[in-house]
Amino acid sequence: MEEGFWRSLTVDELSAGWRVDYYLSRRFPRYSRTQIAAYIRSAHIVSERRNLKSSSRLQVGERLKLFVPGLAPSGPPPVPPPIVFENDKLLVVNKPSGMLVHPAGAAFVWALIGLIRDLYPNDHVDLVHRLDRETSGAVIISKCKATNAQMKVALQHRQIHKVYRAIIRGVPSWDEMDLHAPIDYDTRSELRIRRCVKQGGQDSHTTFRVLSRFDELSLVECVLHTGRTHQIRVHLEHLGFPILGDKLYGQPDSVFIEYMEKGYSAELMQKLRFPRQALHAHSIDFPQPDGQRQLVHVPLWSDMMTVIEAGHVPNALMEVPKC
């Protein structure tokens, strides 16, 4: 069935030798081995190397193509994000807001890692770290296993330094704020994912610097000294200056619940004033495999630049997003 859009899977060393029906039913638990076998017979699942049977044993590097509705995309891939730095070991991309770094959920979605793997089919491409779906900016991607392992050790030892830029609601009186404030789950909230500043939580340290002030908004630089979940967002809310467009922090729980249940609406956009959290990983400083440090600056995307240049949120940005 060599037509339409497909999803590709490349067999790694750990999966080599498995029966293809067993492998795919484990990879996608909502499909039984019987269903997988039927898709193989109907050529909705094929191999680029050979004629495939449900009993075929997978080979290292073998590429499977899946035309199965729900597992395969329904349309063409988006344009891959800009590559802002590259050498033979790794690259840094400027992830747009709205793009997952890795697929999540049962249905197919286009994600950063898959798009980059398609660009580098002969390399062992993998993520070094992640960004939230709505956060844009710098993501390091390795091209081989050894580099990935080395970079993740550097990450664990806090040798990779990221600096963010955020547009916040309000105008601080301070130029710089060095905040030490522990973070833990917010047990007062209906939302289990929500964090807050709480005594006895994990030690958390962020430095904020005001770069520009507008009538009701400000642009701040955010330097992470620790890496807690939602740290910048939690600390800015604690200071009274939540991030513009944030659905989880600086808003009542009902705003996030409304978004999850109904998606965007004109009424929700009036509350949010911006279609995503205005947070961007603006620079990243990391040790390369040869030991030399590399600093990469990653440009802001046009949505945040429009707000900064105007000094307010233009009406066009407060319209209900199309997707």
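The values are calculated or read from the model by the stated rules, or taken from the named source; none is laboratory data. Note that the structure is a prediction, hence the values are computed from the model and not measured. Because the Cβ atoms are built from the backbone with ideal geometry, glycine has one as well, and the counts that use them run over all protein chains shown. Note: accessible area is taken over every heavy atom of the protein model, side chains too, but ligands, DNA and RNA are not part of it. Shrake-Rupley method; radii C 1.70, N 1.55, O 1.52, S 1.80 Å.
Below are the figures for this structure:
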{"item": "Computed FRET value (nearest 0.05) for ASP290 with VAL60, which takes r as the C-beta separation and R₀ as 30 Å", "result": "0.55"}
{"item": "Calculated on alpha-carbon atoms, Rg and Dmax of the range 174-323 in Å", "result": "16.8, 53"}
{"item": "Reciprocal of mean inverse Cα separation for the chain (Kirkwood radius, Å)", "result": "21.9 Å"}
{"item": "Alpha-carbon centroids, the range 24-57 and the range 214-281: separation in whole Å", "result": "43 Å"}
{"item": "Whole-Å distance, taken between Cα centres, linking the range 82-147 and the range 155-189", "result": "24 Å"}
{"item": "As computed over the range 142-237, the Cα convex hull volume per residue (Å³)", "result": "139 Å³"}
{"item": "Too-long pairs where the Cα-Cα distance tops 19 Å, listed order kept, from LYS95/LYS162; LYS65/LYS152; LYS89/LYS152; LYS262/LYS322; LYS95/LYS143", "result": "LYS65/LYS152"}
{"item": "Burial order of peptide ranges 266-277, 6-17 (average beta-carbon count within 10 Å, highest first)", "result": "266-277, 6-17"}
{"item": "FRET efficiency, 1/(1 + (r/R0)^6) with R0 30 Å, evaluated for ASP88 and GLU176 via beta carbons", "result": "0.15"}
{"item": "Residues ARG26 and PHE214, FRET efficiency given R0 of 51 Å [Cβ-Cβ distance, rounded to 0.05]", "result": "0.45"}
{"item": "Distance (nanometres) between label positions extended 7 Å along Cα→Cβ at ALA310 and GLN199", "result": "4.4 nm"}
{"item": "Convex hull volume per residue in cubic angstrom - Cα atoms of the range 1-123", "result": "111 Å³"}
{"item": "Whole-Hz couplings from phi, Karplus 6.51/-1.76/1.60, listed for the range 222-228; x for Gly and Pro", "result": "10, 10, 7, 9, 10, x, 7"}
{"item": "Area projected by the alpha carbon convex hull of the range 265-307, averaged over all directions, nm²", "result": "4.1 nm²"}
{"item": "Accessible area, probe 1.4 Å, largest first, for residues TYR249, TYR259, TYR23", "result": "TYR259, TYR23, TYR249"}
{"item": "Extension reserve of the MET318-ILE257 stretch, reckoned as 0.36 nm per residue once the Cα distance is removed", "result": "20.0 nm"}
{"item": "Radius 14 Å from Cβ of GLY70, net charge of other residues (Lys, Arg +1; Asp, Glu -1)", "result": "+3"}
{"item": "Residues whose placed amide H lies under 5 Å from that of SER283, excluding near-sequence neighbours", "result": "VAL163, VAL298"}
